[in-house]
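The values are calculated or read from the model by the stated rules, or taken from the named source; none is laboratory data. The model shown is predicted, which means the values in this text are computed figures rather than measured ones. All Cβ positions, even for glycine, are placed from backbone atoms using ideal geometry, and neighbour counts span all protein chains on display.
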Amino acid sequence: MNLDARQIPILITFILSSSVLVYKLADLQLFNSTYKKIAERTVLDKQTKYPSRGNIFDRNGDLLTYNKPIYDLEFIYKNVDPDMDTTLFCELLEIDKETFEKNLNKNWRDVRYHKSLPTTFLSKIPPEKYSKFQEQLFRFPGFYPLNRNIRAYPHESAPHLLGYLGEANLKQINAENSDYERGDFVGKSGLEKKYEDLLKGEKGVKFLIRDVIGREVSSFNDGNLDSLSTQGVDLHSTIDLELQKYCEQLMTNKRGSIVAIEPSTGEILSMVSSPFYNPNKLNLDEDRGKAFKALMSDKIQLPFLDRSISAKYPPGSIFKPILSLISLQENVFNANKTVTCNGHYEYRTFKFGCHQHATPHNVKSAIMHSCNSYFFEMVRKLIEKEGYNNPEIGLNILRSHLSDFGLGRPLGIDLPGEKSGYVPTPEHYDHLYRNAGANWRSTYIMSIGIGQGELDLTTLQMANLATIIANRGYWITPHLVRGFGNEELKLSDEYKVKRLVRIDPEHFDPVIEGMRWAILYGTGYQANTAGISICGKTGTSQNPHGDDHSVFYAFAPQDDPKIALAVYVENAGFGGDIAAPIAGLVIEKYIKGESKRPILEERMINMDLVSKDLPPEEKASESENNSTLEKDEQ
């Protein structure tokens, strides 16, 4: 074929244009799956069936959580009647016309949306609102409800340990093998987060065939590919709900925490962090955002902080029984040693304070009187075990024993967010006294002998110390779950193994007797309860930023103990005045089923140690709220 010069450019243009069209067609049909997926989705609609989340029960079978229905409203744009009554629609859902238009008119160029496929119009519609809308749903073709569940709490108790739900984030959605999608709810804290994989259950799916304008035609493949959702596994917790409520009563208007453990099993009977909050305010309804923001912005009370496992405190004098056990074991102190105390401990030109009491002639009386001088002397003997000039050896001996007691590291409770506390190291003091050539000695660190200085513990660790003494030398990792709704699932061996401390059994006797004397005749007398042999120790933790903290730990009965606990009340002063009577009431409630000291009980419940720290405007608001509540009750 002969082509003249004018035809060649036309032919080349035709060939190039044809090649581009062929390439584009191949790309659309063979390589690019976007339009293929849209086409499939137009015909095949995959509907997710959401499972009921597993419930959580207390140790006696009382329900701590349940599932509350909530609704998402989806729509298929092509099926929506343009002449529907939008005024009635907006009134029923309590939205304005602007929200209606915004939620209906999506960016249809976005590959996430298609006019013939279901798209979310409104999410998290509470049942009360949805029930009114459902009666009129027939008036609004193209809109379809999707049923889901959120958490609700029948007792408004134990928010920190139960936790709350929130929407899955992108990291969770994009994780390998993740079945989370946008809008799915996941555990964000507490047991809800720790046991998320069990509680969430498994989604089901239903495949529907729709026509080109989105109308449902039939199930796909006669439903052979459909699957039912599987309910999440129930958790049976170790918590005693009635004891938990009582502890929360006692800690109302106070900052601090209570942790109570069953010594023989490590099961946590009660774990309270105060201030607390109503967990129903975070159950993902339409007001959750405001409640969450209000709780997060409270920088004074820090209601989200779990003070039982995440706050670190100096233990104060409750450390003295532990130091006694270690010193007796290391043979640096005799159980019948006398230490003279004239209201202070003297070393060279320095005096370290104590309080007036009878001379302690043994470990028992020293614990009973909580004599600082006695334990200053004791900690010096331990740190100087290998000589005055080798304090790092003695400190490491102490640290090794404290590690046996679970200090300086997380205990391993089945909750996220547990802190390790702090046990100082020789390196810490080398750095602290670097300007003095790191030549520190036992006299530089005597404050740890009375539970002060650099020593920090969590309330959980303090309760575990009481457990170890109660058990005379062992502990089981504290835990909050004792079993599962699925009998094939078993509790981890981690929560069954006895962990021994390297203390000979005979050394526990004088320490336990001293703790019993502290209740009968000493600083912990306000914890004394008729008919129950309580062994305990008070502590007053010095606070450089304000009032001292009130501390107490105990176990009861003395023989075959049923409960061990620690009470820590911030800025409450002497341990015997606040923490000890609270602990006594808790022990009495658990062992006897009720408190028979109504005057003490009322005083502890009504004691307000929080309002004094509130700004004036918050005090006024709190007063108004209390006044309103009183009127409502009347």
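Mind checking which residues of region 342-359 are within 43 Å of the chain's Cα centre (by Cα) and more than 18 Å from THR540 (Cβ to Cβ)? Selection gives LYS351 alone. Any chance region 112-126 includes a residue that's within 30 Å of LEU241 (Cα to Cα) and within 33 Å of the chain's Cα centre (by Cα)? So far as region 112-126 goes, yes, one or more of its residues are within 30 Å of LEU241 (Cα to Cα) and within 33 Å of the chain's Cα centre (by Cα).
Residues in region 523-546 that are buried (at least 24 other Cβ atoms within 10 Å of the Cβ) and part of a loop (DSSP other than H, G, I, E, B): THR523, GLY524, ILE534. Just checking, does region 396-408 include any residue being touching a residue at least 12 places away in the same chain (Cβ under 8 Å) and farther than 28 Å from ALA518 by Cβ? Yes, there is a match, as at least one residue in region 396-408 is touching a residue at least 12 places away in the same chain (Cβ under 8 Å) and farther than 28 Å from ALA518 by Cβ. Against the list (1) modelled with pLDDT under 95; (2) under 20 Å from the mean Cα position of the chain (by Cα), the condition MET251 fails is (1).
For region 56-74, give me each residue that is buried (at least 21 other Cβ atoms within 10 Å of the Cβ), modelled with pLDDT of 90 or more and assigned to a strand (DSSP E or B). Talk me through it step by step, then tell me what you get.
Restricting attention to region 56-74, the residues satisfying the condition of being buried (at least 21 other Cβ atoms within 10 Å of the Cβ) are 56, 58, 64-65, 70.
Subsequent filtering for residues that are modelled with pLDDT of 90 or more retains 56, 58, 64-65.
Of everything in region 56-74, just one residue is buried (at least 21 other Cβ atoms within 10 Å of the Cβ), modelled with pLDDT of 90 or more and assigned to a strand (DSSP E or B), namely ILE56.
Quick one: in region 89-119, of everything that is polar (S, T, N, Q) and surrounded by fewer than 15 Cβ atoms within 10 Å (Cβ to Cβ), which residue is farthest from LYS68 (Cα to Cα)?
In this case the residue turns out to be ASN107.
Please work out which residue is nearest to the chain's Cα centre (by Cα), limiting yourself to region 319-333 and to residues that are surrounded by 13 or more Cβ atoms within 10 Å (Cβ to Cβ) and not in a helix (DSSP H, G or I). Write out each step before concluding.
Residues of region 319-333 that are surrounded by 13 or more Cβ atoms within 10 Å (Cβ to Cβ), as a first pass: 319-330, 332-333.
Narrowing further to those that are not in a helix (DSSP H, G or I): 330, 332-333.
Working: GLU330: 38, VAL332: 41, PHE333: 40 Å.
Once the filter is applied, the top-ranked residue is GLU330.
Comparison of ASN439, ASN435 shows that the only residue that is without any contact (Cβ under 8 Å) to a residue 12 or more places away in the chain and assigned to a loop (DSSP other than H, G, I, E, B) is ASN439.
Residues that are in a helix (DSSP H, G or I) and out of contact with any Pro (no Cβ under 9 Å at 6 or more places or on another chain) within region 394-421 comprise GLY394, ILE397, LEU398, SER400, HIS401, LEU402, SER403, ASP404, listed in sequence order. Sub-9 Å Cβ pairs linking a first residue in region 90-102 that is assigned to a helix (DSSP H, G or I) to a second residue that is modelled with pLDDT under 90 and of a type in the set (Ser, Thr, Tyr), at least 6 apart or interchain, are LEU93/TYR130, ordered by first then second residue. If the Cβ limit is 9 Å and pairs must be 6+ apart or interchain, which residue in region 457-472 that is modelled with pLDDT of 95 or more and buried (at least 24 other Cβ atoms within 10 Å of the Cβ) pairs with which residue that is in a helix (DSSP H, G or I) and of a type in the set (D, E, K, R)? The qualifying pairs are ILE468/ASP404. Can you tell me which residue within region 127-179, out of those that are modelled with pLDDT of 85 or more and among the basic types (Lys, Arg), is nearest to ASP83 (Cα to Cα)? My answer is ARG139.
Does region 471-490 hold any residues that are hydrophobic (A, V, I, L, M, F, W, C) and touching a Leu at 6+ places or on another chain (Cβ under 8 Å), and which are they?
Quick first cut of region 471-490, residues hydrophobic (A, V, I, L, M, F, W, C) only: 475-476, 480-481, 484, 489.
Correct list: LEU480, VAL481, PHE484, LEU489.
Of everything listed in (1) surrounded by fewer than 16 Cβ atoms within 10 Å (Cβ to Cβ); (2) on the phi > 0 side of the Ramachandran plot; (3) at pLDDT 95 or above, the single unmet condition for ARG409 is (2). On the stretch given as region 154-200, residues that are among the β-branched types (Val, Ile, Thr) and in a helix (DSSP H, G or I) total 1.
Is region 552-561 home to any residue that is among the charged types (D, E, K, R) and touching a residue at least 40 places away in the same chain (Cβ under 8 Å)? The answer is no; no qualifying residue exists.
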